[in-house]
């Protein structure tokens, strides 16, 4: 690793290019460790170069790809909808997780069943629903609410077992 970091500071373009390639290979290898074997989309990040690229476990991979593209999610270590996701993985809306579960069940393959059991039973990933809440948009100098509004707040829920 010292060679890679040292290479990034080098003035020699060949050394710098090799160090950058080595670092990117190491990052890719680390994210591959947290991905289901024989898939491109099931796990941390994705190993697909393009959207249509799937691994050998294509039925499970299609479900994971669709779940990864769910618009209602809260990325790891970020805040959204008045909720901070302290987990090291993204959490999705309960509707996206229900579709994911149904897709894996319908795929009915060994790979899809393993993905479902890991995601829903072992990791016990949570999902969220959005509920409207009243809040104060503007306060007076004394703390009195002058203007109220409504916003969405994420509320965590447990997913059903697979």
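Structure summary
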{"quantity": "Filtered residues of region 80-104 (kept if in contact with a helix residue (DSSP H, G or I) (Cβ under 7 Å, 6 or more places away or on another chain) and in contact (Cβ under 8 Å) with a residue 40 or more places away in the chain)", "calculated": "101, 103, 104"}
{"quantity": "Where a residue in region 140-152 is outside the structural domain of residue 73 (by TED's automatic domain parsing) and in contact (Cβ under 8 Å) with a residue 24 or more places away in the chain and its partner, wherever it lies, is part of a strand (DSSP E or B) and loosely packed, with under 10 Cβ neighbours inside 10 Å, with Cβ under 8 Å and at least six apart", "calculated": "none"}
{"quantity": "Qualifying positions in region 116-139 - modelled with pLDDT of 95 or more and either in contact with a helix residue (DSSP H, G or I) (Cβ under 6 Å, 6 or more places away or on another chain) or part of a loop (DSSP other than H, G, I, E, B) (or both)", "calculated": "116, 127, 129"}
{"quantity": "Residue tally, condition at pLDDT 90 or above and assigned to a loop (DSSP other than H, G, I, E, B), over region 33-85", "calculated": "9"}
{"quantity": "Of all residues making up region 105-120, the number that are free of Cβ contacts under 8 Å to residues at least 60 places away in the same chain and within 19 Å of the chain's Cα centre (by Cα)", "calculated": "5"}
{"quantity": "Pick from region 39-74, criterion closer than 20 Å to residue 116 by Cα and exposed (fewer than 13 other Cβ atoms within 10 Å of the Cβ), ranking: nearest to the chain's Cα centre (by Cα)", "calculated": "69"}
{"quantity": "Any hit, region 92-101, residues being within 28 Å of residue 37 (Cβ to Cβ) and surrounded by fewer than 18 Cβ atoms within 10 Å (Cβ to Cβ)", "calculated": "yes"}
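The values are calculated or read from the model by the stated rules, or taken from the named source; none is laboratory data. All values derive from a computational prediction rather than experimental measurement. Every residue, glycine as well, gets a Cβ built from its backbone with ideal geometry; the counts of neighbours run over all protein chains shown.
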